[in-house]
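The values are calculated or read from the model by the stated rules, or taken from the named source; none is laboratory data. What you are looking at is a predicted structure, and each value in this text was computed from that prediction instead of being measured. Virtual Cβ from ideal backbone geometry, glycine too; neighbours counted across all protein chains shown. Accessible surface is based on the protein model in full, side chains and every heavy atom, while ligands, DNA and RNA are left aside. Shrake-Rupley method; radii C 1.70, N 1.55, O 1.52, S 1.80 Å.
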Amino acid sequence: MNAQIKGNITDTKGAPLSSVSVYLDNTFTGTTTNDNGDYNLTLRKSGKYVVIFQILGFTTLKKEVNITSFPFQLNVVLEEQNVQLKEIVISTKDNPANRIIRNVIANKDKNTDKYAKYTAKFYSRGLYKIKDAPEKFLGQTMGDFGGGLDSTRSGIVYLSETVSEINFQKKPKKFKEKIIASKVSGKDNGPSFNRAEDANINFYENTVEFGNDLISPISTNAFSYYKFKLEGSFYDKSGKLINKIKLIPKRKNDRVFIGSIYIVEDDWALYGADVSVTGAQVNIPVVDVLHLKQNYNYSAENDAWVLISQSIDFRVNVFGFKFDGRFSAAFSEYNFSPKFSENTFSNEVLTFEKDATKKDSVYWNKLRPMPLTKEEVKDYSIKDSLKIVRKSKKYLDSVNGKQNKVNLLSPITGYTYRNSFEKWSLSFKGLLGNSGFNTVQGLNTSLDFNYFKRLNDKGKQWNAGVKVNYGFSEKRIRPTLFFGKKWNNISRPQLEISGGVTTAQFNNREPISALDNTIRSLYLRDNYLKIYEKEFAKIAYSEEIKNGIFFSSSLEFANRKPLFNTNNYSFAKQSKNAPYTSNNPLDKTDYKNAAFKAHTIATLNIGATFIFNQKYLSYPDRKFNMGNKKYPSLTVNYRKNFAASNAALNSDLFTANLRQGISASNYGDFSYNIQGGLFLKKKDIAFMDNLQANGNQLTFVTDNQLNSFGLLDYYKFYTNDKYAEAHIEHNFRGAVLSKIPLINKLNLHLVGGAKTLFMADNKPYTEYAVGLDNIGFGKWRFLRVDYVKSNHAGIKNNGFLFRLSLF
């Protein structure tokens, strides 16, 4: 039998208390209660102990016990905290809460320096529950969500646990986590995603990552976002005076917290937090509310208050699906004097101990610091027994039998036939997403079939497909074939082979989508899309050859042919001055001559992307790359066109791209994208091989803001020599508009940006923009509007652009 103190904790009315920190006095040996108020506190030997029971809102309780045998039962009742507001004289210039917060801000570095490096043990449990789950969604059967639902289709849909060892260093900031045990209900060897670094919600930082970058109530500019009220004070178990401070947002829906934080008088450190945010505040509309609780404990060893427990409760309501859940975390066995070596920290910030995902229930019962609730025990029991059944051919065939039914909409929306036991599927993508209109093909549609085969659970797979496109106006069939194979999810080596006949945009950056062109053509008679035909055979290979270095290559041989308009149909009436433009991007009024002559050519591309100092997570069967926001990413590419039917079309081109997103903390986000190219020799090459800028002639924009210009005509700028372009943007979030009376009530974000383009033998093109982001109602704030001014060779233009932040 384990050496344990066991028990149940309730309030004075008998209601169980969850997330209560239970630990031995003057130590970090502890645990946390579950949703039923139960706890297990593991000890090494019998004897006399002082056990502390601590949770915000209740008086901390000390219990002296003399343990002679195990398990030792200790149930306790906690009384609500009597928070008193003493009679004080409040100055007209300040209030006591403001004084307390200013002292906390002034002492942030001093307090966090006390645990500038440490090791600790971390335990986390994740729980998702659903209520009244719909049986169907968009005509698709939703199943039983893993088998944990009751007769009302309510119950646990996800349950996971993680135990890990963590290393932390403040300056320079470094973090390393080693997961020693991981478990997901109903999954064989399934790693959970309860990471300690994700649970490190640090109010001492100016911004707190909690669904979104939120302004900390003890940020250096907290008084621009919060009002503070002293609700009262009380003394903790050691006689320290604890102040309860109410957080009052100055504006509704700002990126701030509501609730209370608890501050230790004189130490000016956090004692606890009981705060929440809404979906509107984190800009995640499907979230109703996120609720965070933190408990800190005093460490005499380094005279510091350190985090010992944390819980995050959430509630989500989207499309009839009602989820709620909790992520609970407990920190223990702190060591504030670790001896780190040069090899302690690296770019690998997460690893798994061997067989960490294969621990049995006996191991978990010994290791688990927080007991399972009856509901969680039942979920593990049901799903662990079901997982064997659900791997069987009989069960999988039964599930597939329901999934594989064809309905009337299948030809339009698509259809997939699955054989889960054999791990393959055959898909038809549907006509809805494969149909469109352009002036060359008229109405065109594609039959698109794909076969997929999974070879193992570590990323080895292959797929093959055929796509047959037909243009009704030109009466032309264009078939293409492809084959792809991937070997693993670590370096992700991928081979792709394709060939056939297709149409391609003259600008290979594809500035206009087929959907946008269809809408503009049919409703406004604006046929911006310009295409040519390509008969081709291509092979491509890519792989992450070393952490942060991504290699890519391709070799293609193509027979390129010009195309001409064959269709003049539009819902919009044709005026004498505004017929459809020709398919010649060099002269849109020339309907007889093409932009190039038919030719054959081979194209070799060799490129690499460098993510400097890239951080990554090593899971048992895959690698997750996290990038590194401190450094930009660099992409370089060499393109060689050779073996052309006309030797003058051969060329050599070098291109490079540098981009980065930088968090300016309370002052928003800054991002930039710089790219350029250089031909080794200036030659009269085919138009589609020129370097081209990404233009835009749409009012409602769906492309990447930092990859295109706002008011530049398509195909206006191109070169066979050299060019460079730069895009910069700063989203101030609430840093500017939140300070303007009345306007700050709208919770809008100010955005500013600039773009410039330099091409040989051409004068520079520039754009400046100012815009408003976060436009909408309540939680639904997806719209952005920009006012753009452009200048080229003294010719100025301006206009408004509308964009959905979803894109």
TODO: Return the only residue of Arg525, Arg560 being in contact with a helix residue (DSSP H, G or I) (Cβ under 8 Å, 6 or more places away or on another chain) and either open to solvent by less than 40 Å² (accessible area, probe 1.4 Å) or at pLDDT 95 or above (or both).
DONE: Arg560
Task: Residues satisfying the stated conditions in the stretch 208-220, i.e. at pLDDT 90 or above and open to solvent by 10 Å² or more (accessible area, probe 1.4 Å) - done: Thr220
TODO: Please give the number of the condition Ser425 fails out of (1) surrounded by 17 or more Cβ atoms within 10 Å (Cβ to Cβ); (2) farther than 30 Å from Lys530 by Cβ; (3) touching a Leu at 6+ places or on another chain (Cβ under 9 Å).
DONE: (3)
- [ ] State yes or no: is Leu292 more than 22 Å from Val22 (Cα to Cα) and at pLDDT 90 or above?
- [x] no
- [ ] Please find, within the stretch 293-312, the residue that is surrounded by the fewest Cβ atoms within 10 Å (Cβ to Cβ) out of those that are more than 15 Å from Thr32 (Cα to Cα) and either of a type in the set (A, V, I, L, M, F, W, C) or in contact with a Lys or Arg (Cβ under 9 Å, 6 or more places away or on another chain) (or both).
- [x] Ala300
Open item on the list: With the requirement that a residue be over 15 Å from Gly211 (Cα atoms) and open to solvent by less than 10 Å² (accessible area, probe 1.4 Å), what does the stretch 248-261 give you?
Closed with: Ile261
Task: Top-ranked residue in the stretch 475-498 [being touching a Phe, Trp or Tyr at 6+ places or on another chain (Cβ under 6 Å) and surrounded by 16 or more Cβ atoms within 10 Å (Cβ to Cβ); ranked as farthest from Lys429 (Cα to Cα)] - done: Pro493
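Yes/no matrix, rows are residues, columns are (1) among the hydroxyl-bearing types (Ser, Thr, Tyr); (2) within 29 Å of the chain's Cα centre (by Cα); (3) surrounded by 14 or more Cβ atoms within 10 Å (Cβ to Cβ):
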site	(1), (2), (3)
Leu367	no, no, yes
Thr373	yes, no, yes
Gly401	no, no, no
Phe421	no, no, yes
Open item on the list: Go through (1) open to solvent by less than 70 Å² (accessible area, probe 1.4 Å); (2) at pLDDT 95 or above; (3) closer than 30 Å to Asn559 by Cα for Phe472 and report which single condition fails.
Closed with: (1)
Task: Selection count, the stretch 705-722, where residues are in contact (Cβ under 8 Å) with a residue 24 or more places away in the chain, open to solvent by 20 Å² or more (accessible area, probe 1.4 Å) and out of contact with any Lys or Arg (no Cβ under 6 Å at 6 or more places or on another chain) - done: 6
Task: Per-region count, the stretch 746-757, residues open to solvent by 20 Å² or more (accessible area, probe 1.4 Å), touching a residue at least 12 places away in the same chain (Cβ under 8 Å) and under 19 Å from Val282 (Cβ atoms) - done: 1
Task: Lone qualifier among Ser332, Ser410, Ser392 - being surrounded by 12 or more Cβ atoms within 10 Å (Cβ to Cβ) and without any contact (Cβ under 8 Å) to a residue 40 or more places away in the chain - done: Ser410
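Conditions (1) at pLDDT 90 or above; (2) open to solvent by 10 Å² or more (accessible area, probe 1.4 Å); (3) more than 27 Å from Lys374 (Cα to Cα), marked per residue:
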{"site": "Asp38", "(1), (2), (3)": "yes, yes, no"}
{"site": "Leu43", "(1), (2), (3)": "no, yes, no"}
{"site": "Ser46", "(1), (2), (3)": "no, yes, yes"}
{"site": "Val50", "(1), (2), (3)": "yes, yes, yes"}
{"site": "Asn66", "(1), (2), (3)": "yes, yes, yes"}
{"site": "Ser69", "(1), (2), (3)": "no, yes, no"}
{"site": "Gln73", "(1), (2), (3)": "yes, yes, no"}
{"site": "Glu79", "(1), (2), (3)": "yes, yes, no"}
{"site": "Gln84", "(1), (2), (3)": "no, yes, yes"}
Open item on the list: Anything in the stretch 262-273 that is surrounded by 19 or more Cβ atoms within 10 Å (Cβ to Cβ) and either touching a strand residue (DSSP E or B) at 6+ places or on another chain (Cβ under 7 Å) or of a type in the set (A, V, I, L, M) (or both)? List them, or say none.
Closed with: Tyr262, Ile263, Val264, Asp267, Ala269, Leu270, Tyr271, Gly272, Ala273
Task: Candidate set from the stretch 654-671 (those that are among the aliphatic types (A, V, I, L, M) and closer than 17 Å to Asn212 by Cα); member that is most open to solvent (accessible area, probe 1.4 Å) - done: Ile662
Open item on the list: For the list (1) open to solvent by 60 Å² or more (accessible area, probe 1.4 Å); (2) aliphatic (A, V, I, L, M); (3) closer than 30 Å to His599 by Cα, I need the number of the one condition that Ile728 fails.
Closed with: (3)
- [ ] Please specify each residue of the stretch 23-50 satisfying the condition of being under 16 Å from Tyr298 (Cβ atoms) and of a type in the set (Val, Ile, Thr).
- [x] Thr27, Thr29, Val50
Task: In the stretch 413-440, the residues that are β-branched (Val, Ile, Thr) and over 30 Å from Asn527 (Cβ atoms) - done: Thr416
Task: Qualifying position, being modelled with pLDDT of 90 or more, over 23 Å from Arg390 (Cα atoms) and within 23 Å of the chain's Cα centre (by Cα), among Lys129, Lys174, Lys170 - done: Lys174
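Only one residue in Asn507, Asn517, Asn565 is under 30 Å from Leu634 (Cα atoms) and buried (at least 17 other Cβ atoms within 10 Å of the Cβ). Which one?
Selected residue: Asn507, the only one of Asn507, Asn517, Asn565 that is under 30 Å from Leu634 (Cα atoms) and buried (at least 17 other Cβ atoms within 10 Å of the Cβ).
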Task: Candidates Ser182, Ser192, Ser160, filtered to the one that is touching a residue at least 40 places away in the same chain (Cβ under 8 Å), outside any loop (DSSP other than H, G, I, E, B), surrounded by 19 or more Cβ atoms within 10 Å (Cβ to Cβ) and within 23 Å of the chain's Cα centre (by Cα) - done: Ser182
Open item on the list: For the stretch 52-64, give me each residue that is outside any strand (DSSP E or B) and either open to solvent by less than 30 Å² (accessible area, probe 1.4 Å) or acidic (Asp, Glu) (or both).
Closed with: Ile55, Leu56, Thr60
- [ ] Would you check which residues across the stretch 419-478 are in a loop (DSSP other than H, G, I, E, B) and basic (Lys, Arg) and list them?
- [x] Lys423, Lys429, Lys458, Lys460, Lys475
TODO: Could you identify the single residue in Ala643, Ala647 that is small (Gly, Ala, Ser) and touching a residue at least 12 places away in the same chain (Cβ under 8 Å)?
DONE: Ala643
- [ ] Being without any contact (Cβ under 8 Å) to a residue 60 or more places away in the chain and either touching a Pro at 6+ places or on another chain (Cβ under 8 Å) or of a type in the set (Val, Ile, Thr) (or both) is the filter here, so list the residues in the stretch 195-225 that pass it.
- [x] Val208
Open item on the list: touching a Phe, Trp or Tyr at 6+ places or on another chain (Cβ under 9 Å) and either among the aromatic types (Phe, Trp, Tyr) or surrounded by fewer than 19 Cβ atoms within 10 Å (Cβ to Cβ) (or both): which single residue out of Ala735, Ala760 fits that description?
Closed with: Ala760
Task: Scan of the stretch 229-267 for residues that are hydrophobic (A, V, I, L, M, F, W, C) and within 26 Å of Leu290 (Cα to Cα), ordered by number - done: Leu230, Ile242, Ile245, Leu247, Ile248, Val256, Phe257, Ile258, Ile261, Ile263, Val264
